[in-house]
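Heads up, the thing below is written out as structure tokens.
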Amino acid sequence: MSTRPGSAIRLAARDVDPMSWFTGPYVPLVFAVFVIVYGGLLSALTWNASAWPAMQLIGVALCAIACLLIQLLTSLRNRFDWQLGVIAVVVGGAGLVVSAFGYSRSVFAIELWWAPFCYSIVIACLAPYLAPWRIFAYGIAALVSFVPLAFLIVDARVPEWGSVSVFVIIASPVAVAIAAATSFAYSVVHQMLPIVDNRSSAIVSEALDPDPEDEAAERASLAGYTARAVPFLHTIAERGTVQPADRALAGELARYLRDDLVSRSDLAWLGLRADDRRVVVVDPERRADRMRTAQRTAVRDLVRAVLDDPGTDATTVFMELRAQDDGSTAVAITLDTELPEGRRVRHLAPYYFNLRGEAKDLRLGRSRLSFRLPPDGEA
């Protein structure tokens, strides 16, 4: 990831906040609840002031739907940027205009109008997910499209205020939301980039020579399980029947044999011995063999950083690799850590951003990391 001058404008908060320390995964959902409560309450209080009061409920629903659609798109693995902005501006703006139509034949108190504020909440949903320049651009689009349209509809119905005051009342919440969301996104990126820049020169480690003792250790381990499996099979063959206890023992043997035949043999590229019990790797299709050197190095350095973290229970690190239809490799890493989120960010962020250069759809949560490694020839 580039951290050249101007990166704080071009990157989104979610790009530099891998642990969701600031942004959180449910911002649009929380804002949707707020829109429903606030908009619904004021719609009920001003029900008799509108010739078409049902239009207010439709407007509230549209603003809430905009928030929920943003929540849905940001929860998917694929990355959406322009779609989020269009949804916020268009669907949220539709709620503002529909509400304005509800007052188009009524005289009402504009200071009690819920729609401009709820529209600003929809725009604010973009703060964690878009770069500051994108938030500002979509905000300006809202200010020059749906805000003037709503103003033209309701201006004649607000005799107590002049036209300039009416426009300011409608536009000011949206303008404040644009400024706040843009500032928030810029601030998070600006604060996190120094952590990314402070990388250790050892992030890209040298290729590790295979340990000559790995093969002997694995053979000894397999011999131990074979010594248990052969008498077990002889007992069943002599008895001629399979009992519930046999099924339980067979499942246990199969689990351990699978770990040794599949998982443990995959630890060498991580720089771990075949008898190292700190990490379990499930790679039945041998996808690790198809990784580029840079991809292996980035994944290995992140795993080693997790193992070196004193707040992580290394015995619970679980890595799974699966082939995808497009030829890429999906990777999921699960871990159990008690380290506070702030310290985790500082500890893992350099390795996380090094991995971003080689992976796509990278998601790092409280206890799980998932990403997709493109095949050879795809950037």
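The values are calculated or read from the model by the stated rules, or taken from the named source; none is laboratory data. Everything quoted here is computed from the prediction, not taken from an experiment. Cβ: placed from backbone, ideal geometry, glycine included. Neighbour counts: every protein chain shown.
Determine whether residue 64 is outside the structural domain of residue 146 (by the TED database) and in contact (Cβ under 8 Å) with a residue 24 or more places away in the chain. Here the answer is no, as residue 64 does not meet what is asked. Residues considered: 110, 135. Of these, the only one that is in contact with a Ser or Thr (Cβ under 8 Å, 6 or more places away or on another chain) and more than 17 Å from residue 44 (Cβ to Cβ) is 135.
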